[in-house]
Every structure is written in C-alpha cells, then in structure tokens.
Amino acid sequence: MIKLHDKYFKPFITATQIDEAVTRIATQLAEDIGDEIPVFVGVLNGSFMFASDFVKKYPNRCEISFVKLASYSGTSSTENVKQLIGVDYDLEGRTVVILEDIIDTGNTLQEINRIFKEKKVKQLKIATLFFKPEAYKKQYTIDYIGMEIPNKFIVGYGLDYDQLGRDLPEVYQLKEDHMINLVLFGKPGAGKGTQATFLKEKYNLKHISTGDVFRYNMKNETALGKLAKSFIDRGDLVPDEVTIDMLQAEVEKNSEANGFIFDGFPRTTAQAEALDIFLSSKKMEVAATIALEADDEILIQRLLERGKTSGRADDTDEVKIRNRFDEYNEKTAPLMEYYQRQGKFHSVNGIGSIEEITERLCAVINNL
C-alpha cells in the first residue's frame, strides 16, 4: 500500500507481469514488421518507461520519437486533448507504431490518428501496454495490447496521479474500499473484546481500543503519551483533542484496513461529535454503532466467574460490578440517542454461544 498526495493505492500489476507483456508486444511487432525499420512513437509523459523498455527488447533496427498530448486531470480522463509536442521530421511512406502506456476512452487515440494521417505514413499501428475495454468509446483498431484491465485508476510505470508515481516499477490501483467503521458498545462482560477479535479478522478491520492506545503511547513515551500522562499525573481528565490525535495516528498507520472498530471511544456525545469531525476530515464516517445487549444478572455471573482467573479485583466484587453497569448506562444512553438520530444504532442480543453472537453481528455488518 502506498500513499500519493491524499489517496491510497494498492498493488495491482507486478514488475514481472509488466516485463512479460512488454516482451510479448515487442516480439509480435518484430514478426509482423520484418526487416523494415519502423518509427516507434511514444506518447508522453506516460509511455516513457514502456517505450524505453520496449526498444531494448525489440530485436531489430528501429527509430524512436515522441509526441506529447494531454487528456488527464487528477484521476479523470477529459474529452479535451491538446497536442503539446509533435513529431518534427518527415514520416511519409514510413511504418509508424504508436506506443501508448494506456488506452481508456480513446480520446488521445483519435487525436493521434488525425496527426499521423496528415503525415501520409505508409501504415499506422497502435500498441498499448494497458487497455480498459469498459471505458473505450472509439472505433479505432488497437493492434497490440499488453493486458486488459478494469476501468480503475492506476499509477506506476510511467502513469501518475498529479505527477506522483511515474517512477514506480510496478502498477498500483486506487484503493476505493467502502470502509466499515464501527463503534462497539457493551457492558463489562458482554464480550466486546472476543467479538472484536472475530470481526477484525473476518472484515480486515483494525480494532482500536482506547485503553490499549493510551497504554502504548505512555509506555513508549510518545509525544502524545507524555502529554496524556501530564494530565493524568495532575488528576485531570485527558482532553478529547489528545485522544482524537492518538486515534488519528492509529488510523494513519493502518491505511490498509477496510475500516476500524472503535472500542472505548466515544464515551460522551462531545466525543462522538469529535470523532465524526475527525473521520469526515479523512472522507470517512461511522457506518454503524453496535451495542451488545445482555441481562445484568447474566453478565454479573459471567464477570464473577471471570474474576476467578482474570486477576481483576473489580471482577470479584458484585457491588463494584453493579456500579460499573450504572456508570455505563449513564454514559451510554445519550450516545445511543446521538447515533439513533443518525440511523446508525444497532442492538444485538449478546446472549448465546460465541458463534451465535458473531453471526448476529455479521448480519448487521453485511447489511451495511
């Protein structure tokens, strides 16, 4: 996974696959053209790598030149193609082979045909490393195709995203995953941790436990960890801004995930609003909040049983357990209302086997 400007790209075509495609086109062209010396014309800027590797693999004598046209803005192909640099010598009666890095809509190809028709070439052949059949709108024949690819934006091997990525030896595809960002609620003993482990594996999600994040930052004495510790040492609550900054760091370093499970945050409506603002800045949002619901008496028995081996003192005292439940109810009720207004709150029965509960959670997520 790589990041160029504001977007993430995932591996798509390896350098080996590219090399095999270039070799195949060069061999086919040599067989078709024979002893004639052709003029290969690379279309800049994108074809510079393809053209360079191609002439190295072409087994016969040849000439090479370049023409520069433009039809891309950002990640979108435009209808307007402008010739910037043309071939500046006589090609009349010559066999000309256009070397394109990629053909999608065919708008550039239309302009190329117009340019070389005026030059009275003997024959014009088109060779492209990549071809997007779903996007192609024209009727011109493409004589040689390295590989057909889906109509997705790609970078690498000469192709760019706003000038970045041309130098990459392989090709990457724009990451357009619909991210599943979940807020997981549940009283102590409801099984949030167990279920989060299953969900993160099944859906390639990153489980972000606020407690774990705090402990990591303070243990490793990061700048945020030191800042959080300074508040804790004074007996103050850590400001929401510091927590959000920690969450942002976790999101940034896990860009390959299909989404995130936020566990332990938000705890207040103000924190929920802050989380929404942060995710929006990343062009993301909370897809759903899921509360694992279970009867208090059943959960108390679970915790008391867990307390026999967990080593946690607050799992062995029923009074403390009930106090934790009261605190959960007090804090979570406004959050439930907040997400209910957004149509994102889901309640899931947390009683049953682990497999049964996982199945219920997956049913909610799959409907997203």
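Just so it is clear, none of the values below were taken in a lab; they were calculated from the coordinates. Predicted model, so just to flag it, every value in this text is computed and none were measured. Every residue, glycine among them, receives a Cβ derived from its backbone with ideal geometry; neighbour counts consider all protein chains shown.
At a glance:
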| read-out | value |
| --- | --- |
| Value at 222 nm in deg cm²/dmol, rounded to 500, when DSSP H runs of n ≥ 4 in the chain each add -39,500 (n - 2.57) | -13500 deg cm²/dmol |
| Dipole axis of the chain (+1 Lys, Arg; -1 Asp, Glu on Cβ), positive-most option in THR16, LEU304, VAL55 | VAL55 |
| Coil-residue chymotrypsin sites (Phe, Trp or Tyr not before Pro) of region 76-175, DSSP, other Cβ within 10 Å capped at 12 | TYR89 |
| Long-range tail of P(r) for region 252-368 (Cα pairs > 22 Å, %) | 47 percent |
| Interatomic Cα distance distribution for region 2-174, bins of 5 angstrom, percent | 2, 8, 19, 22, 21, 15, 8, 3, 1, 0 |
| Partner lysines for LYS3 [C-alpha distance under 17 Å; skip if fewer than 8 residues away on the same chain] | LYS152, LYS175, LYS253, LYS282, LYS283 |
| Gaussian network model of the chain, Cα within-10 Å springs - most flexible of ASP236, ASP326, ASP162 | ASP236 |
| Pairwise label distance in nanometres, ARG114 with ASP233, each label 7 Å out on the Cα-Cβ vector | 7.1 nm |
| Candidate lysines - alpha carbon under 17 Å from LYS138, same-chain residues fewer than 8 apart omitted | LYS117, LYS125 |
| Gained length - ARG312 relative to LYS10, 0.36 nm times residue gap less alpha-carbon distance | 104.4 nm |
| Linear extension gain, GLU170 paired with GLU31, 0.36 nm per residue minus alpha-carbon span | 47.3 nm |
| Relative pair counts by distance (%), Cα atoms of the chain, 10 Å bins | 4, 19, 22, 15, 12, 12, 9, 5, 2, 0 |
| Sorted peptide list for 356-366, 34-44, criterion being average Cβ within 10 angstrom, highest first | 34-44, 356-366 |
| Residue of GLY235, GLY93, GLY146 that the Gaussian network model of the chain assigns the largest fluctuation, springs spanning Cα pairs under 10 Å | GLY235 |
| FRET efficiency for GLN17 and LYS138, using Cβ-Cβ distance with R0 set to 25 Å, rounded to 0.05 | 0.40 |
| Residue of ASN323, ASN113, ASN181 that the Gaussian network model of the chain assigns the largest fluctuation, springs spanning Cα pairs under 10 Å | ASN323 |
| Of the trypsin sites (Lys or Arg not before Pro) in region 249-292, those whose Cβ has at most 10 other Cβ within 10 Å and which sit in DSSP loop | LYS253, LYS283 |
| Cα centroid of region 235-255 to Cα centroid of region 265-315, whole Å | 17 Å |
| Two-site FRET efficiency, LEU368 against GLN271, from Cβ-Cβ distance with R₀ of 22 Å, rounded to 0.05 | 0.50 |
| Computed label-point distance, nm, for sites GLU297 and GLN163 using a 7 Å Cα→Cβ extension | 7.1 nm |
| Hits among lysines - C-alpha to C-alpha of LYS187 under 18 Å, sequence gap 8 or more where chains match | LYS320, LYS331 |
| Net lengthening on full extension, LYS226/GLU241 (0.36 nm per residue, minus Cα-Cα) | 4.0 nm |
| Efficiency of FRET between MET336 and MET147 - r from beta-carbon atoms, R0 51 angstrom, step 0.05 | 0.50 |
